[in-house]
Amino acid sequence: MKLLITIPTYNEKENVEAIITSVFNIVSSDVEILIIDDNSPDGTAAIVENLIERYTNRLHILKRPGKQGLAQAYLAAFEWGLNRGYDVFLEMDADFSHNPAYIPVMIEKIKTNEVVIGSRNIKGGGVEGWSMLRNLISKGGSLYSRTILSCPIKDLTGGFNMWQKSALEKIGLSGIISKGYSFQIEMKYKAFLSKCSIVEIPIIFPDRKQGKSKMSKKIFIEALLNIIKIRKNAKKETAFSQFIKFFITGGLGTITNLIIFFFLADLLNKPEIPVSIICFIIAVTQNYILNHLWSFKTNTIGEKLSIKKYFMFVSSSLLGLAVNITVMKLILINFTLPYKFFAQAIGIAAGMIINFILSKYIVFKKK
Ligand SMILES: Nc1nc2c(ncn2[C@@H]2O[C@H](COP(=O)(O)OP(=O)(O)OP(=O)(O)O)[C@@H](O)[C@H]2O)c(=O)[nH]1
Ligand SMILES: [Mg+2]
């Protein structure tokens, strides 16, 4: 198991060396740290770079040009680690609110779970040094998020979490919409929706002793408003709603097909078979584009329409047609029906399901 501990920093010159040293003192020598620094004006990156000589091959830094928020920092870190073959990722703050002493417990737990959450809101966990008000805001925010998302995770907002690579893959990092602090909520909610095995372990969370907080009222309100967006976005991703969109797309394709057929075959009196082929090509092209832009939007984020995928989709549609005809024929051979129409309807449904499965899992497969 190759573990990468990812620590985002912004102006953490008072903490960064101490946190790196205390983590390395507690974990075995094969564990590595990645600091993601957003060009902190206080020179955090330079301190890390000096330490890299002491911890060659164990300490890494990812320098980014400016403050881009916590979500971007972690997403960049995960991508960095996934490209380099790490299996497990730990998210951790630099300010000692996340006590390195919990890391061995988390490592133990991640062996049998895909996600381990450091939780302040279960028995044995809690916060220290927070004002009543901050405590109240945090508890309220947590309850609000849990209710809106109907998600049973007790500490949705915390940032001390360990992820198996498989969990990150299930979540689909390219589909994350959060920019700031709601990132933690979105990640956990998506892990829950994608049925990852999740465990919470109690942690005591002391307030930062050194350095400045980056938390502000604006960030907090932004995070709360984001919860609704997160819910809407995640709900869109269910297979059923994708199927409904796929179904509507197919219906629109059929309408296009019929309109062109009517125009060419009836009004212009062109021969039916070539007309029918042209109608098929136009309808299938329309379906490909709509499926790419709409039905499977969440699978194709960042991807362009492509000729290769287009031909894959045409093949999948033709296979759907073959299934349609076969099923229809088999039903007609084996059963006596009042109308052949029923057999064709079942055939269309079967063909559509096959086409949907091939589209979802092959043509428009999530990266
Ligand atoms: N790279 C990067 N790191 C950030 C950014 N914002 C915050 N961080 C780091 O993320 C971690 C968590 O931020 P904190 O400011 O401690 O947030 P918090 O724990 O909610 O609030 P306080 O502890 O009160 O400061 C710290 O290590 C920060 O230095 C950012 O935009 N980019
Ligand atoms: Mg903090």
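Structural remarks
- Degrees, to the nearest 10: 217-235 long Cα axis against longest axis of the chain: 30
- Along each principal axis, Cα extent of the range 161-284, largest first, Å: 83, 33, 19
- Angle of helix 70-83 to the longest C-alpha principal axis of the chain, folded into 0 to 90 degrees and rounded to 10: 70°.
- Beta bridges per DSSP with both ends in the chain, % antiparallel, nearest 5: 20
- The label point for residue 29 and the one for residue 63, both projected 7 Å from the Cα toward the Cβ, are 2.9 nm apart.
- Orientation-averaged projection of the range 43-129 equals 7.8 nm² [convex hull of Cα atoms, one quarter of hull surface area].
- Long-range amide H partners of residue 5 with built H, under 5 Å: 32, 33, 34, 90
- Working value for the chain: equivalent-ellipsoid semi-axes of 52, 21, 19 Å, each the square root of 5 times a Cα gyration tensor eigenvalue, largest first.
- Principal-axis tilt of helix 340-358 within the chain, Cα atoms, nearest 10 degrees: 30
- Phi to ³J(HN,Hα) by Karplus 6.51 cos²θ - 1.76 cosθ + 1.60 over the range 61-67, Hz, x for Gly, Pro: 10, 10, 9, 10, x, x, 5
- The stretch between residue 193 and residue 337, if pulled fully straight at 0.36 nm per residue, gains 47.6 nm over its current Cα-Cα span.
- Oblate is the label for the range 1-90. Its Cα gyration tensor axes, ordered a ≥ b ≥ c, give a/c of at least 1.5 and b/c at or above a/b.
- Under 14 Å, Cβ to Cβ, from residue 312 - net charge with Lys/Arg +1 and Asp/Glu -1: +3
- Cα-based Rg and Dmax for the range 239-363, where Dmax is the largest Cα-Cα distance (Å): 15.7, 50
- Debye intensity ratio in log₁₀ form over the Cα atoms of the range 238-312, taken at each q of 0.13 Å⁻¹: -0.45
- Considering only 352, 296, 332, and ranking their Cα positions along the charge dipole of the range 239-363 that arises from unit charges at the beta-carbon of Lys, Arg, Asp and Glu, the one farthest toward the positive end is 296.
No value in this document is a laboratory result; all are computed from the given coordinates. All values derive from a computational prediction rather than experimental measurement. Note: ideal-geometry Cβ built from the backbone for every residue, glycine included; neighbour counts use all protein chains shown.
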